[in-house]
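S.K.: A single structure is presented below for examination.
Values in this text are rule-based calculations from the coordinates and carry no lab data. Predicted, not measured: the structure shown is a model, and the values here were computed from it. Cβ placement follows ideal geometry from the backbone for every residue including glycine, while neighbour counts extend to all protein chains displayed.
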Amino acid sequence: MTSPTDIALAVARVLEELDIRYILGGSLASVVHGEPRSTLDVDFAVDLDLAHVDAFLSAVKDDFHAFEDHARAEVARRGSFQLVHRRTMTRVDIFVPEWQGIDEWKWIHRVRLRVGDSPADVIDVTNPEGIVLQKLIWFGKGGETSDRQWRDVLGVIKAQRGGLDIDEMRRLAVSNGIGDLLRRALEAAGV
């Protein structure tokens, strides 16, 4: 059986072979830094442009299905598109941010982690502070209704207690309009 981590590694290897910067985010990053839970999708932020999208889609086409025209349009508008792993039907969301502000900060502060049995099973992952902030942004945009996002935030804060740069998180939270959400999350996690 192919796990979401295996699928993430496969996509990361293609991106690295093509020299395209990326970071793993979403639920898998939350699990890496926080509390274990099952997840059925994989989220990447990828610095993909129109000059490289065809090479990327070509490199993943044997293992993943993509609506290529949609992917090109989303890359052009800096949006998002999906790959679907053919064997497991696991969804891989590819976000194409502007790589400025918090997205650039997450890239600069990423961590390279071993996520499998082999020494080659390494991947660039959003750091704990970055995944807390990103999930709080999504939580806020979703009307503060996602129990899963909130649990992930609290799980990372609790698991990383003492190792988080709280001052930097507060600075970034304020500049991204989620200062109150971060304050509430830190209180709820007992930090």
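S.K.: For the chain, what does the relative contact order come out to in percent, with C-alpha contacts under 8 Å and a separation of six or more? Intermediate values should be presented prior to the final figure.
M.R.: Numbers: 288 pairs, mean separation 41.6, N = 191.
That works out to 22 percent.
S.K.: Return the tail of the calculated pair distribution for the stretch 128-188, meaning the percent of Cα-Cα pairs more than 16 Å apart. Please list the in-between numbers first.
M.R.: Numbers: 578 of 1830 pairs.
For the stretch 128-188, the share of Cα pairs beyond 16 Å comes to 32 percent.
S.K.: Please find the FRET efficiency linking residue 68 to residue 168, where r is the Cβ-Cβ separation and R0 is fixed at 35 Å, and quote it to the nearest 0.05.
M.R.: Values: r = 39 Å, r/R0 = 1.12.
Given R0 = 35 Å and the Cβ-Cβ separation, E is 0.35.
S.K.: Between residue 144 and residue 35, what FRET efficiency follows from the Cβ-Cβ distance if R0 is 30 Å, with the result rounded to 0.05?
M.R.: On the way: r = 20 Å, r/R0 = 0.67.
Rounded to the nearest 0.05, the efficiency is 0.90.
S.K.: Ok, one more. Which of 178, 138, 162 sits closest to the plus end of the dipole of the stretch 128-188, meaning its Cα is farthest towards the positive end, when Lys and Arg get +1 and Asp and Glu get -1 on the C-beta?
M.R.: Positive-end residue among those listed: 138.
S.K.: Could you tell me which GluC sites (Glu not before Pro) in the stretch 89-134 are loop residues by DSSP with no more than 15 other beta carbons within 10 angstrom of their beta carbon? Kindly include the intermediate steps, with their values, before the conclusion.
M.R.: Numbers: sites: 98, 104, 129; in loops: 98.
Here the GluC sites (Glu not before Pro) that fit, given the DSSP loop and packing criteria, are 98.
S.K.: Over all directions, average the projected area of the Cα convex hull of the chain and note it in nm². Numbers along the way, then the final one.
M.R.: Details: hull surface 42.9 nm².
Approximately 10.7 nm², given one-decimal rounding.
S.K.: Give me the lysines in straight-line cross-link reach of residue 141: C-alpha distance below 28 Å, same-chain residues under 8 apart excluded.
M.R.: Filter leaves 106, 158.
S.K.: What is the spin-label model distance, in nm, from residue 76 to residue 108 if the labels are put 7 Å beyond Cα along the C-beta direction?
M.R.: Going by the 7 Å Cα→Cβ label model, 3.2 nm.
S.K.: Over the stretch 118-162, what is the mean sequence separation of C-alpha contacts under 8 Å (at least six apart), divided by residue count, expressed as relative contact order in percent? Kindly include the intermediate steps, with their values, before the conclusion.
M.R.: On the way: 20 pairs, mean separation 17.7, N = 45.
The normalised contact order for the stretch 118-162 reaches 39 percent.
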